[in-house]
Structure formats: structure tokens, C-alpha cells
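Worksheet for the structure shown next.
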Amino acid sequence: MAALSAACLWAIASVVYGLLGQRIPPLQLNLIKGVIAIALLVLTIVITSESLPNLTFAPICLLFLSGAVGIGLGDTAFLAAINYLGARRVLLIGTLSPPITAIAAMIFLQEQLNFEAWCGILLTILGVAWVVTERVPGTSDDSVTHIWQGIGFGLLAAITNATGAVLSRAAFATISISPLWAALLRLSAGVLVILVCILFSEDRKAKAFYPYWQSWRVILTSFFAAACGTYLGIWLQQTAIKLTAAGIAITLMQTSPLFVIPIAICMGEKVSWRAIAGVIIAIAGIGLLFHLK
């Protein structure tokens, strides 16, 4: 239930981020949602009296590095990709994260993949490629360029999120930490990376003081998206990984593209049968990968 709830909330938040992306640059939007989520996590920890975990230096470094890569870099690329491709396609590209994670874990953590697992990886890639390369009638050359830029950002987001997952898994293997504290540490590292990027950017003044606060609608929408997708989403993600087998949790959490399809249809987007079939194929590939790995 935690994994499916996280997938549903990510789908809703991604659509909202697509709307916010028309007003706020990806780096700034990532900073806003990170700060809001950290505030909500700290408030939750205080209310629930969650005790400070006993952490050693190495696991803290792994969790911070996981957040810096997966949230600081990965989520910024994810938000940029949404501006080019829309939430539906970007969430589907995100299903490549589990196969990338499995391959990275095989290389760095010596986890083994059998033949059936490799078939699952191939099935996921085919499903994603089938949908993302679908040509919409009337698409101009500029639109094609934007599509490929979006695919590039989407792949970067998938790779960085997979890297963050491997680092997080390595940390969980050595310590016992609650989902709340794990989410807080990762988010804090991500926000620090974003602040460093803004500090060293040429137009740092414009980025640091982007006037999103001039609109109450933008403020409330940002809070809603951050509360759903970042605060509750990451909390539920860590809860799912803690309470059930990692393969089951990861597979269920990658069903976001299924949840976003009815939202896209309600918003007037034309969703082809090819797009729906590609989503099902990609998710089936993830299930095959983690069921037989």
C-alpha cells in the first residue's frame, strides 16, 4: 500500500510540477520543493518524537551522497525533462531506473543477474523506447529537438536516481535508520547541492530571488506538489522498502505511469493505445527483473 500510494502521489505531483515549470526554472523549483519537504519532515519528526539514529561516518556519507546525486542532480534533470516531454513520458523514462540500478548493483555490489532478469531489463527498455519514440502528427523540427533534449534529461534523471538508490542501499546494509531520518538526510544533501549550483551560477541573483512568491496560487501549488511528491512520496518510498522485499516495493513504485494516464486524459491529452501498451510492457519488464533476479 505504501509503494502504490507513493506511485500515485508521484504521478499527481509530476503533473503539477509540469504546470509550475512554466513559471519557475527547474533548479529553483527543485530548491523550493526540497525546502518545503525538509520543513515538513522536521515537523513530523518533532511531533512523533522520532529519536536521532546512531550513525557512523561512512553511512552518513553514503546517504548524503545518495541525496546529492539522486535528489540534487536527479530531480533537477527530472523537472527539466518534464518541461520538454510532459509528465507522462518522463515518468515512463523513469522506469529505466530499476534496470540501471540492478546493473549498477551487479557492478559495484556484486549482485548477480540471471538470464530471465536480463530479459526483464530488455523488456523495460523496449517498452520505454516504443512510447518515447512515438511520432505525433504535425510535429515540427523544433519539437523533435525538444523531444530529444527531454529524453536526454530524462535519461540523466534515471541514471542519477539509480545511482542514488545504490548508494542508499549500501547505507541501509550497514545501519538501522527510520524512513523519516533517511529521507531528511537525503533531502538535506540535495538542497545543499542545489544551493551550491545557484551560488556558482552566473545569474545566481536572478535564480536566488526568483519572484515565485508574488503569486499565492504558485505558492500553494508548490506546497501541494512538494507535500505530495517529495514529503509523503519519499517517506512512503522508504517505508515500502523497509516493510517488504525491495524487488516488490520497487516494482510497485514504478507504476506511476499507469496512474498518470487517466490524469493526462482528463487534462485533454491524447493518449494512444501504443502509449498504454508501452507502459504495461515496461512495468512488466520491471516485475520480471525483480521477480527472477
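The values are calculated or read from the model by the stated rules, or taken from the named source; none is laboratory data. None of these values were measured; they are calculated from a predicted model. We place every Cβ from the backbone using ideal geometry, glycine too, and count neighbours over all the protein chains shown.
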Residue set ALA282, ALA206, ALA225, ALA275; condition closer than 22 Å to GLY86 by Cα, modelled with pLDDT under 80 and in a helix (DSSP H, G or I); output residue ALA275
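Where residues in region 51-80 are part of a helix (DSSP H, G or I) and free of Cβ contacts under 8 Å to residues at least 12 places away in the same chain, which of them is surrounded by the most Cβ atoms within 10 Å (Cβ to Cβ)?
To start, the set of residues in region 51-80 that are part of a helix (DSSP H, G or I) comprises 57-80.
When the remaining residues are screened for being free of Cβ contacts under 8 Å to residues at least 12 places away in the same chain, the result is 57, 61.
Values: PHE57: 7, CYS61: 14.
Applying the filter and picking the extreme gives CYS61.
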Do you know which of the residues in region 138-175 that are within 22 Å of MET253 (Cβ to Cβ) and among the hydroxyl-bearing types (Ser, Thr, Tyr) is modelled with the lowest pLDDT? SER168
Please enumerate the residues belonging to region 165-193 that are closer than 11 Å to GLY67 by Cβ and among the hydrophobic types (A, V, I, L, M, F, W, C). LEU167, ALA171, ALA182, ALA183, LEU184, LEU185, LEU187, ALA189, VAL191, LEU192, VAL193
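Yes/no per residue for (1) within 16 Å of the chain's Cα centre (by Cα); (2) among the basic types (Lys, Arg):
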{"site": "ALA3", "(1), (2)": "yes, no"}
{"site": "TRP10", "(1), (2)": "yes, no"}
{"site": "TYR17", "(1), (2)": "yes, no"}
{"site": "LYS33", "(1), (2)": "yes, yes"}
{"site": "ALA39", "(1), (2)": "no, no"}
{"site": "LEU43", "(1), (2)": "no, no"}
{"site": "SER49", "(1), (2)": "no, no"}
{"site": "PRO53", "(1), (2)": "no, no"}
